[in-house]
Structures are given as structure tokens and as C-alpha cells.
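Encoded as C-alpha cells, the structure appears first; notes follow it.
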């Protein structure tokens, strides 16, 4: 990994550059691979060492990212929800007028954090709607065929599987584990494992999920 000098820059400007890099990398934070394949942090250094220009549009986008993260932390504080240490670290960093280049490794993650917050807010909005519409699908043990529309999909190392949550296109919530990620809009066949009425939403839990032929 290359060695860079230590310097201090305007926080919003650094965030603006990080946001541009995030978009250029298809909404991903790239890690350092080699001198010829620098990561997001290294490119952030290169920007300031090269004195590239930051546009007003970039600065406005950076301000929006900061406001989004600040709002998230503020609301969590009001409601008493726990704030992840990662989120709190970036929140405090963005609260300063300037940032040291030694913190660039954190700055480059701020756009993704804001993106994740937006995705979580979207899921919450959708879940509220499903609270009113979701009903159980068929009977436990029956085989069903439906179209899976994804709400969230996460890989869980402990299960070595993808945990899927979504709906069947008719306002009914479904959840299941699968060894591979199932894209949204995929037609699947599965067996009804159980009906979950313990939470505030009605879920149908599936297993033996396969893409329909």
C-alpha cells in the first residue's frame, strides 16, 4: 500500500469526493488491491494531492449525505434505538469542520452508510404497508409456486445461506433461507414451512426453495 503525507482538508469537500468515487465504483467502496488497482481511500488521497476541482453539485450531494446520517442518529437518540459504533464514528467525523487524511478510510464509507440508511427506510415503509395486507399463504406442508419480490437479502455466515425476505406480489410476506441469492422477480417453487404470527406482521416461512422451471 502506498505511503501518503498527513494533511487536513474541509470535511464536506472530502465527503463530496468520496461520494463521486462511490458512484464511479457502481455504489461500492473499493479496497486497495495493488498500486495499479487502488482503493477508494487511495483515490481520495490522489484527488487532494492532485488538486482536482469539486463542483457545487458534488458539494450539495455531500451535504445531503451528511444530513441523512445526522437525521438517522438524531432519530435513534430520540427513540432510544441503539446506534452502531460504525455509524456513530462517521457521525462524529462529519460533525467536524475539517478532517485529517488519516481518517480518509472512514470518510469513503459515509456515502455507503447513507445509501444503506435510505434502503432501510424504504424497507420500513414497505413493511408498514405489508402490516395491513399480509396474510398467510396456503397450508403448512403444502407446495406453492409464486413470484418472489425482494425486500431484503443478507448472507449469514453462521448458516452459510442467504436470508431472504420479500412478498409474493399479492401483499403477503414470505421469508426463507437459500444457498444462493434469489433475484427479485424470480418465480419460485417451495414448501410452506410455517406461519409466523408472533411478530406484528404475518409471515409465511418457506423451505426447499427452488427457481421454477
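Throughout, read-outs are computed from the coordinates displayed, never taken from laboratory work. Values in this document were obtained by computation on a predicted structure and should not be read as measured data. So basically every Cβ, Gly included, is an ideal-geometry build from the backbone, and we count neighbours across all protein chains shown.
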Please list log₁₀ I(q)/I(0) at q = 0.17, 0.20, 0.21, 0.23 Å⁻¹ for the stretch 174-213, using the Debye equation with identical point scatterers on the alpha-carbon positions. -0.47, -0.63, -0.68, -0.78
Could you calculate the FRET efficiency of residue 125 with residue 97 from 1/(1 + (r/R0)^6), where r is the beta carbon distance between them and R0 is 45 Å, rounded to 0.05? 0.85
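Given the -39500 (n - 2.57) contribution per DSSP H run of 4+ residues, what per-residue ellipticity at 222 nm results for the chain, rounded to the nearest 500 deg cm²/dmol?
Values: 6 runs with 87 residues, N = 213.
Calculated mean residue ellipticity at 222 nm is -13500 deg cm²/dmol.
Can you tell me the FRET efficiency between residue 201 and residue 89 if r is taken as the Cβ-Cβ distance and R0 is 35 Å, rounded to the nearest 0.05?
Numbers: r = 32 Å, r/R0 = 0.92.
With R0 = 35 Å, the Cβ-Cβ based efficiency is 0.60.
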Zone of residue 180's modelled label, taken as backbone nitrogen in the stretch 147-172 under 20 Å from a point 7 Å along Cα→Cβ: 147-157, 159-166
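Using only alpha carbon pairs under 8 Å that are at least six residues apart, calculate the relative contact order of the chain and give it in whole percent.
Working: 337 pairs, mean separation 37.0, N = 213.
Relative contact order of the chain: 17 percent.
Enter the mean projected area of the convex hull around the alpha-carbon atoms of the stretch 11-93, in nm², rounded to one decimal. Show your work: numbers first, answer last.
Values: hull surface 25.2 nm².
That works out to 6.3 nm², a quarter of the Cα hull's surface.
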Going from the fewest other Cβ atoms within 10 Å to the most, one would list 157, 127, 75 as 157, 75, 127
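Taking the Cβ-Cβ separation of residue 52 and residue 156 as r and a Förster radius of 35 Å, what is the calculated FRET efficiency to the nearest 0.05? Kindly include the intermediate steps, with their values, before the conclusion.
Numbers: r = 40 Å, r/R0 = 1.16.
Efficiency, rounded to the nearest 0.05: 0.30.
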Taking just the C-alpha trace of the chain, give me its Rg and Dmax in Å. 21.5, 65
Starting from the exponent 0.38 and prefactor 2.2 Å, build the expected Rg for the stretch 48-129 from its residue count and divide its actual Cα Rg by it. 1.23
Provide the descending list of Cα extents for the stretch 135-211 along its principal axes, expressed in whole angstroms. 29, 26, 21
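Could you list 176, 136 in order of exposure, starting from the residue whose Cβ has the fewest other Cβ atoms within 10 Å?
Working: 176 22, 136 18.
Taking fewest neighbouring Cβ atoms as first place, the list is 136, 176.
Going by how many other beta carbons lie within 10 Å of each one, how would you line up 132, 49, 44, 151, fewest first?
Numbers: 132 8, 49 12, 44 24, 151 19.
By the 10 Å Cβ count, ascending, the order reads 132, 49, 151, 44.
Under 8 Å for C-alpha pairs, at least 6 residues apart: give me the relative contact order for the stretch 8-124, rounded to a whole percent.
Working: 121 pairs, mean separation 49.5, N = 117.
Reported as a whole number, the value is 42 percent.
Cβ neighbours within 10 Å, averaged per peptide: list 17-24, 138-145, 168-175 in order, most packed at the top. Show your work: numbers first, answer last.
Numbers: 17-24: 20.4, 138-145: 11.1, 168-175: 17.4.
Top to bottom by mean Cβ count within 10 Å: 17-24, 168-175, 138-145.
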Per q in 0.32 Å⁻¹, report the Debye log10 I(q)/I(0) for the stretch 11-54, using one uniform scatterer on each alpha carbon and no solvent. -1.22
